[in-house]
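To start, the structure under review is shown below, and the notes come after it.
The values are calculated or read from the model by the stated rules, or taken from the named source; none is laboratory data. Nothing here was measured: the structure is a model prediction, and the numbers come from that model. Here the Cβ positions follow ideal geometry from the backbone for every residue, glycine too, while neighbour counts run over all protein chains shown.
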Amino acid sequence: MNQQLPNDLDRLRKLSGSLNEQTIREKFNTYRFAANKEHVIDLLARVTRVSMETVAIAEAMKGARQ
C-alpha cells in the first residue's frame, strides 16, 4: 500500500476540521441541478437498473444453492 496515502488522509482530516463548513459550502458548492437535470435523471435510472439487476442475480444465486 502506498505509504503516502495515510499521511495525506491525516492531513486532510486536520485541515477539514479547521475550515469553516459554511465557507466550504459557499466557495465549492457550485452544483446546479437544473443545469444537469437530464444527466442526473439518466444517472439515477442507470443506478436503479443496476440495483434491480443485482437483486435479481442474488435471488437467482440463492435459488441455485438449494
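I'd like to check something: does segment 11-23 contain any residue that is modelled with pLDDT of 75 or more and either of a type in the set (Asp, Glu) or more than 21 Å from the chain's Cα centre (by Cα) (or both)? There is no residue in segment 11-23 that is modelled with pLDDT of 75 or more and either of a type in the set (Asp, Glu) or more than 21 Å from the chain's Cα centre (by Cα) (or both). When we screen Ala34, Ala45 for residues that are hydrophobic (A, V, I, L, M, F, W, C), out of contact with any Cys (no Cβ under 6 Å at 6 or more places or on another chain), exposed (fewer than 10 other Cβ atoms within 10 Å of the Cβ) and at pLDDT 75 or above, the only hit is Ala34.
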